[in-house]
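So the structure is just underneath, and the comments pick up after that.
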Amino acid sequence: MFPRIPSFQSLFRNTYSLARKPSRQTLGVAAATVAAAAGVAAGMSASHPAAGSVDAAAALNRAAVTRTAVHAGSKSATPGKAAPHVVAAHQVGLPAAHTTASQHSAAPAHNAKPQHPAKPQHPARPQHPAKPQHPAGPTKPYRVYDSVTPSAISGKAVVATYSNGSYAASRSQVHAGKVLWIDTNGSNPSANVLDVEPGDATPPQAATWARARLTASPHALAVIYTMRSEWPAVKAAIATLPGHMQSHVRYWIADPTGVPHIVPGAAATQWYWGSSYDISTALPRF
């Protein structure tokens, strides 16, 4: 058989196809040229960076991208195959055309936690005023009723009666708020009052009785009942006692004028003598 002679149209298509598609050898030479140029540019940038190195690298990179895009868009590209890998300028050591993003600023230091304000001090509780102490006895002059027959003075606030002697009384016979017990002969230092007058205790016995009572009860009072005529002798006997004992001695003076009064220097004065009882006026702390 004779070989078939290609037609004119067939020859024209083959010639056009060769003009459009570069051979693999041509593409290999172009890629090698781009890589060599990129390496030279990277070395120059690392050792002696020139002012135009960035622009040269960018231009080479755009040339490589353009060739690759033309090849990828060719109708002769095999369907399903990925486009050739494009080497970016920064991957071959070239400086990027654009500046890198600014470094992240350092994270601000956390502010110190605010100090909680100190809790206000609670004001000190006000001190309650001390309760006033109740006086040990009356705060103003008062009356004292005494009798040899306690039943005659029942119901009075303050009553005086005898603890020994011919007219001694018992507690059951006395009906009063306060009772002053009278010792008639100096034998009962636990009594409240010593009776010093003719027929009863003597002035020297008054000092002995007061000493015994105040020794047994240092904070007690030793009351001496006497007449105005006997009073100087009684005071002379009491003056022999220690000073702290003398300060606890009180005088109850008989001065029956019938008018309420208190003899100067006395703590109480018997100013009324009656058939059933006598009446005296006493100062506080009698």
Report task. Could you go through the range 142-148 in sequence order and give the Karplus-derived ³J(HN,Hα) for each residue, using 6.51 cos²θ - 1.76 cosθ + 1.60 with θ = phi - 60°, rounded to whole Hz, and x for Gly and Pro? Result -> 9, 9, 10, 10, 10, 6, 7
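Using a 1.4 Å probe on the protein heavy atoms, what percent of the accessible area of the range 149-194 belongs to carbon and sulfur?
Details: 1060 of 2150 Å².
Percent of accessible area from carbon and sulfur atoms in the range 149-194: 49.
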Query raised in the report: Tell me, what HN-Hα J-couplings in whole Hz come from the Karplus equation 6.51 cos²θ - 1.76 cosθ + 1.60 at θ = phi - 60° for each residue of the range 262-271, using x for Gly and Pro?
Result: 10, 5, x, x, 9, 8, 7, 9, 8, 9
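Taking the highest mean first, how do the peptides 173-179, 161-167 order by number of other beta carbon atoms within 10 angstrom per residue?
Values: 173-179: 14.4, 161-167: 17.1.
Peptide ranking by packing, descending: 161-167, 173-179.
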Query raised in the report: Hey, what do the phi angles of the range 155-162 turn into as Karplus ³J(HN,Hα) couplings, whole Hz, using 6.51/-1.76/1.60 and θ = phi - 60°, x for Gly and Pro?
Result: x, 7, 5, 10, 10, 10, 8, 9
Query - Candidate aspartates and glutamates for bridging to LYS235, where Cα separation is under 19 Å - those fewer than 8 sequence places away on the same chain excluded - result: ASP183, ASP195, GLU197, ASP200, ASP255
Report task. Quick one: which residues, 5 or more positions from ALA266 or on another chain, have an amide H under 5 Å from its amide H? H modelled 1.01 Å from N in the peptide plane, none for Pro or chain starts. Result -> none
Report summary line: The long-range amide H neighbours of VAL223, using H built 1.01 Å from N in the peptide plane and a cut-off of under 5 Å, are LEU194, ARG250
Query raised in the report: Heavy-atom accessible area per residue, the range 163-211, 1.4 Å probe: how many Å²?
Result: 48
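The values are calculated or read from the model by the stated rules, or taken from the named source; none is laboratory data. Remember, predicted model here, so these are calculated numbers, not experimental data. Every residue, glycine among them, receives a Cβ derived from its backbone with ideal geometry; neighbour counts consider all protein chains shown. Protein only, heavy atoms only, side chains kept; ligands, DNA and RNA dropped before computing areas. Shrake-Rupley method; radii C 1.70, N 1.55, O 1.52, S 1.80 Å.
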